Amino acid sequence: MNRRSAAEAYEKVPTSIFESSSAAAASLAKEVRELIEARNKEGKPAILGLATGSTPVPFYRELIRLHREEGLSFKNVITFNLDEYYGLGSDHPESYYRFMCDQLFDHIDIPKENIHLPSGTVPGDQVFEHCRQYEEMIDAAGGVDFQILGIGRTGHIGFNEPGSSRESLTRRITLDRITRQDAAADFRGEENVPRFAITMGVGTILRAKQIVLMAWGENKAGVVARAVEGPVTDAVSASFLQDHETARFFIDQAASRELTRIKLPCWWVR
Ligand code: F6R
């Protein structure tokens with residue numbers, strides 16, 4: 001059995017392995033550009049679902065390059081981010097709002113009113129209503145055309161930690177210990193990492209028309225293999241993507257190391 005059919009036999013989500021994260025980011029940015037341009041021609045906005053963290057940074061760099069060097073305009077783009085730390089204001093240096101401005105929004109021509117992130121400072125008794133309105137805004141915009149995802153070591157997409165159901169919607173969630181440990185360096189110590197976040201749910205994410213999950217580096221290899229080859233389970237939220245019609249994984253070589261087609265020699269994969 002060659003490696004391609006091994007991939008088909010074991011991998012339950014179409015998975016592309018790229019030479020590098022920048023090659024993957026360029027390929028993804030090209031698709032997003034085509035979507036934006038197609039929507040422009042139809043006179044409609046392109047609705048993008050965006051992620052934060054280190055993973056999408058090369059993708060955002062490429063979008064900025066396309067804007068600066070090739071004239072790609074974001075005037076007709078509406079964005080919905082996956083999540084925000086609960087307790088952080090938009091001016092906090094580690095808020096996802098700040099991150100998105102630094103990494104993307106401040107460098108392109110997207111109108112401010114087209115940018116949406118959950119609020120990290122909505123009072124506790126208004127969280128439910130805030131989350132309901134976030135869902136409503138996504139629907140009113142026509143739904144997400146293209147959702148970008150990273151994956152946490154817990155298997156989370158957005159901040160849907162283990163135990164999140166397939167039907168879950170935007171809500172406040174308690175962050176997993178591993179997730180808080182992974183964020184500790186950014187906050188100068190685990191004790192400073194917020195305990196809660198507001199995140200789109202798995203169900204919210206699965207409503208997107210197209211989804212690409214990106215993952216780079218060896219420390220994601222184990223969870224990528226569980227999401228791509230393992231059973232669909234709420235223990236690994238990303239495994240729910242197996243049930244989405246168009247979801248794909250874009251990974252680099254290091255993140256592919258635990259996939260059966262890479263791990264086992266060809267004569268074994270049969
Ligand atoms: C961020 C998000 C998370 C991250 C994940 C990976 O908006 O929703 O699911 O994508 O935690 O983070 P990085 O990319 O920093 O490894």
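Readers should treat all values here as calculations from the given coordinates under stated rules, not as data from a laboratory. Owing to the predicted nature of the structure, the values given are computational and were not obtained by experimental measurement. Ideal geometry is used to build each Cβ from the backbone, glycine not excepted, and the neighbour counts take in all protein chains shown.
Side notes on the structure shown:
- Among beta bridges that DSSP assigns inside the range 154-270, antiparallel share in %, nearest 5: 55 percent
- Kirkwood estimate for the range 73-138, i.e. one over the average of 1/r between Cα atoms, Å: 12.6 Å
- Extending 7 Å from Cα along the Cβ direction at residue 126 and again at residue 70 yields two label points whose distance is 4.2 nm.
- Ordered by the count of other Cβ atoms within 10 Å of each Cβ, fewest first, 174, 79 give 174, 79.
- With distances taken between every two different alpha-carbon atoms, the chain has a Kirkwood hydrodynamic radius of 18.9 Å.
- Placing a label point 7 Å from the Cα of residue 113 along the Cα-to-Cβ direction, the residues of the range 135-152 whose backbone N falls under 17 Å from that point are 137-138, 140-142.
- Of the trypsin sites (Lys or Arg not before Pro) found in the range 1-100, those in coil by DSSP whose Cβ has at most 13 other Cβ atoms within 10 Å are 75.
- A straight chain from residue 140 to residue 245 at 0.36 nm per residue would run longer than the Cα-Cα distance by 35.6 nm.
- Helical contribution to [θ] at 222 nm, DSSP H n ≥ 4, -39,500 (n - 2.57), averaged over the chain, rounded to 500: -10000 deg cm²/dmol
- Ratio of the Cα radius of gyration of the range 118-257 to 2.2 N^0.38 Å, where N counts its residues: 1.05
- Residue 185-residue 165 pseudo-label distance in nm [points 7 Å out on the Cα-to-Cβ vector]: 3.7 nm
- The range 38-62 residues near the modelled residue 257 label - backbone nitrogen below 19 Å, point 7 Å along Cα→Cβ: 55
- Bridge orientation summary for the chain: considering DSSP beta bridges with both residues in this region, about 30 percent are antiparallel.
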